[in-house]
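Worksheet: one structure, shown below.
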């Protein structure tokens with residue numbers, strides 16, 4: 001069932017179109033990703049969905065049963081959240097809960113539950129000023145969940161974090177998927193691949209591809225072979241320019257990724273190629289295009 005429906009969303013700033021005729025749906029119980037490079041229109045789109053910005057044209061609607069202003073049903077973590085650093089995590093969540101309309105008792109209970117859920121129960125009474133980046137992002141997610149929203153919207157939730165903080169937040173998002181719907185934006189392909197069910201790729205303010213993660217990958221799926229050699233591979237590659245089973249080549253000095261028409265044919269041809277073997281094969285790996293490969297291909301189209 002569709003939880004959020006966006007139709008023909010457009011945002012103009014003077015003569016500049018930040019978002020152009022974007023339409024998509026977020027289903028209940030999924031994690032959907034707005035994926036695109038910086039400047040693609042992701043944040044502008046999220047700002048319109050959350051009500052922070054007014055669309056020039058288009059509509060945004062929640063599914064049947066959500067009769068209040070949609071903002072009552074949304075939780076939001078901006079790309080650059082700010083906190084009252086003199087507060088403790090517990091105080092901040094209580095404050096956020098009361099702003100969202102909870103009673104003092106309800107806010108206290110939700111704060112206690114959420115601090116445990118995001119792994120901050122041991123830091124509940126510590127001042128936010130002493131939190132790491134990952135801890136602040138987890139607190140921000142708890143704040144977005146305080147009023148039990150139907151949809152949590154996260155704008156670039158891990159882009160500014162170190163690898164450890166990124167892992168913490170992505171693991172938390174995996175857990176949250178079990179109980180609420182998530183819409184988040186990112187330009188980091190690996191993050192989208194780890195947590196997404198549905199992917200919406202944006203470029204220059206427009207939606208250029210959409211579908212489930214498996215559908216998007218399958219639509220561009222091509223078999224590839226990754227080669228690495230001890231000696232430079234360039235001259236050998238030049239001699240393979242006429243090979244009909246090679247569809248694409250991405251080369252470096254000591255390696256190449258070959259797009260091929262048929263894995264079995266390519267494997268046999270390469271492993272029986274004495275000139276290639278003389279270069280000293282250090283890696284021979286069969287694979288498929290990753291989401292990053294799909295992303296690069298779509299963005300360059």
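Values in this text are rule-based calculations from the coordinates and carry no lab data. Keep in mind that what you see is a predicted model, and the values were worked out from it rather than measured. So basically every Cβ, Gly included, is an ideal-geometry build from the backbone, and we count neighbours across all protein chains shown.
Just a few scattered comments:
- Note on the chain: helix-only mean residue ellipticity at 222 nm, from DSSP H runs of 4+ residues weighted -39500 (n - 2.57) and normalised by residue number, equals -10000 deg cm²/dmol.
- Gain upon complete extension [residue 8, residue 127; 0.36 nm per residue less C-alpha separation]: 38.5 nm
- Estimated inter-spin distance, residue 164 and residue 292, nm [label 7 Å along Cα→Cβ]: 2.4 nm
- DSSP beta bridges in the chain [antiparallel fraction, %, rounded to 5]: 70 percent
- For the chain, built as a Gaussian network whose Cα springs stay under 10 Å, the top-fluctuating residue of 231, 114, 213: 231
- In units of the rule-of-thumb radius 2.2 N^0.38 Å, segment 1-50 shows an alpha carbon radius of gyration of 1.20.
- Descending Cα extents along the principal axes, segment 171-301, whole Å: 56, 30, 25
- Measuring nothing but how far apart in sequence close Cα pairs (under 8 Å, 6+ apart) lie, relative to its length, segment 182-301 scores a relative contact order of 30 percent.
- Separation of alpha-carbon centers, segment 248-279 and segment 136-193, rounded to whole Å: 40 Å
- Kirkwood Rh (inverse of mean 1/r, distinct Cα pairs), segment 223-300, angstrom: 12.9 Å
- Cα-Cα pairs of segment 53-109 separated by more than 15 Å (percent): 66 percent
- Multiplying the residue separation of residue 112 and residue 1 by 0.36 nm and subtracting their alpha-carbon distance yields 36.8 nm.
- Computed FRET value (nearest 0.05) for residue 238 with residue 79, which takes r as the C-beta separation and R₀ as 41 Å: 0.35
- For the options 165, 239, 134, a Gaussian network treatment of the chain with springs between C-alpha atoms closer than 10 Å singles out 239 as fluctuating the most.
- Segment residue 69-residue 267, length gained on full extension (0.36 nm per residue, minus Cα span): 65.4 nm
- Nitroxide proxy distance, nm - points 7 Å out along Cα→Cβ at residue 194 and residue 95: 3.0 nm
- Candidates 241, 132, 185, ranked by Gaussian network fluctuation over the chain, Cα under 10 Å, top entry: 241
- Across segment 85-227, the fraction of Cα-Cα pairs farther apart than 28 Å, rounded to a whole number, is 28%.
- Rg and Dmax, both from the Cα atoms of segment 1-129 and both in Å, are 17.6, 51.
- Relative contact order, percent, the chain [alpha-carbon distance under 8 Å, six or more residues apart]: 20 percent
- Converting the Cα gyration tensor eigenvalues of the chain into ellipsoid dimensions via √(5λ) gives semi-axes, longest first, of 44, 24, 16 Å.
- Projected-area average for segment 55-152 over all orientations - Cα convex hull basis, square nanometres: 7.3 nm²
- Label separation (residue 28 vs residue 104): 3.6 nm, computed from points 7 Å beyond Cα along the C-beta direction.
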